[in-house]
Amino acid sequence: MKIFNAHIEKAEISTMPNVLFDGRIFVIDTIADTEKAVKALSKERIIGIDTETRPAFKKGVHYNVSLLQLSTADTCFLFRLCRTGIPDALIQLLENKEITKVGLSLHDDYQALKRRRAFTPGGFLDLQKHVSEFGIEEMSLQKIYAIVFGQRISKNQQLSNWDIDVLTDKQKLYAATDAWACLNIYNRLEQVKKGNVAC
């Protein structure tokens with residue numbers, strides 16, 4: 001199996017073409033829609049996961065996680081936890097060991113989710129640990145994606161207000177891209193492991 005580069009410089013990433021999720025995006029902000037989305041996601045074996053939290057610019061100010069993104073290869077669901085909390089259906093999915101949830105720095109994500117509602121994480125796979133098997137030592141999603149695909153993920157919306165009444169198109173695309181990118185990286189590494197694609 002070929003090994004990827006361990007590191008990459010920001011200057012190199014800046015020269016790479018930008019990549020964005022080009023599938024369907026559904027914003028979920030009711031309990032009923034949550035249950036429908038979870039039913040669809042429950043048919044998957046592996047999904048990408050990420051969260052967004054409203055940034056706090058004052059010392060001592062903290063916000064609960066606002067958004068949970070769960071993505072398949074072509075569809076991303078944006079769960080507005082600031083509207084729904086974490087319903088039972090979503091808890092069942094997060095605890096389901098049969099569905100692998102691939103993300104980055106997952107300990108931080110599920111600790112943030114637990115502050116909204118306690119649950120026992122099941123089936124989580126952290127890319128930061130996983131990519132080391134392939135020689136990658138970078139920890140950020142942008143750098144890992146650049147190493148694996150030679151493409152750049154924009155982080156422009158990271159510090160936007162995720163509790164806003166209506167998410168902007170740029171926010172939705174940013175959020176969906178991050179969750180999808182995690183799944184995309186995992187799938188590519190699996191192909192490399194099986195010898196189906198060169199790195």
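The values are calculated or read from the model by the stated rules, or taken from the named source; none is laboratory data. Note that the coordinates shown come from a computational prediction; the quantities given were computed from them, not determined experimentally. Here Cβ is always computed from backbone atoms with ideal geometry, including for glycine, and neighbour counts include all displayed protein chains.
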Name the single residue, out of those in the range 130-148 being in a helix (DSSP H, G or I) and of a type in the set (Ser, Thr, Tyr), that is farthest from Gly23 (Cα to Cα). Ser132
So is Asp178 in contact (Cβ under 8 Å) with a residue 60 or more places away in the chain, assigned to a loop (DSSP other than H, G, I, E, B) and surrounded by 14 or more Cβ atoms within 10 Å (Cβ to Cβ) or not? no
Could you tell me whether the range 149-169 includes any residue that is buried (at least 21 other Cβ atoms within 10 Å of the Cβ) and either within 12 Å of the chain's Cα centre (by Cα) or not in a loop (DSSP other than H, G, I, E, B) (or both)? no
Of everything in the range 69-79, what is assigned to a loop (DSSP other than H, G, I, E, B) and in contact (Cβ under 8 Å) with a residue 60 or more places away in the chain? Give them in sequence order. Thr72, Ala73
Could you tell me which numbered condition Ile164 fails, if it satisfies all but one of (1) of a type outside the set (S, T, N, Q); (2) under 15 Å from Ala6 (Cα atoms); (3) at pLDDT below 95? (2)
What's the number of the only condition in (1) over 30 Å from Glu137 (Cβ atoms); (2) among the acidic types (Asp, Glu); (3) within 12 Å of the chain's Cα centre (by Cα) that Asp109 fails to meet? (1)
Any idea which residue in the range 104-129 is farthest from Pro87 (Cα to Cα), counting only those that are in contact with a Phe, Trp or Tyr (Cβ under 8 Å, 6 or more places away or on another chain) and in a strand (DSSP E or B)? Leu125
Determine whether the range 92-105 contains at least one residue that is touching a residue at least 40 places away in the same chain (Cβ under 8 Å) and under 20 Å from Asn156 (Cα atoms). yes
Given the conditions (1) surrounded by 16 or more Cβ atoms within 10 Å (Cβ to Cβ); (2) farther than 17 Å from Thr53 by Cα; (3) in contact with a helix residue (DSSP H, G or I) (Cβ under 6 Å, 6 or more places away or on another chain), which single one is not true for Gly122? (1)
Residues located in the range 58-68, provided they are in contact (Cβ under 8 Å) with a residue 60 or more places away in the chain and outside any strand (DSSP E or B): Tyr63
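The rows are residues; the columns are (1) out of contact with any Ser or Thr (no Cβ under 8 Å at 6 or more places or on another chain); (2) at pLDDT 95 or above; (3) of a type in the set (Gly, Ala, Ser); (4) surrounded by fewer than 16 Cβ atoms within 10 Å (Cβ to Cβ).
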{"position": "Arg24", "(1), (2), (3), (4)": "no, yes, no, yes"}
{"position": "Ala32", "(1), (2), (3), (4)": "yes, yes, yes, yes"}
{"position": "Ile49", "(1), (2), (3), (4)": "no, yes, no, no"}
{"position": "Ser71", "(1), (2), (3), (4)": "yes, yes, yes, no"}
Number of positions in the range 1-57 that are among the aliphatic types (A, V, I, L, M), assigned to a loop (DSSP other than H, G, I, E, B) and free of Cβ contacts under 8 Å to residues at least 40 places away in the same chain: 1
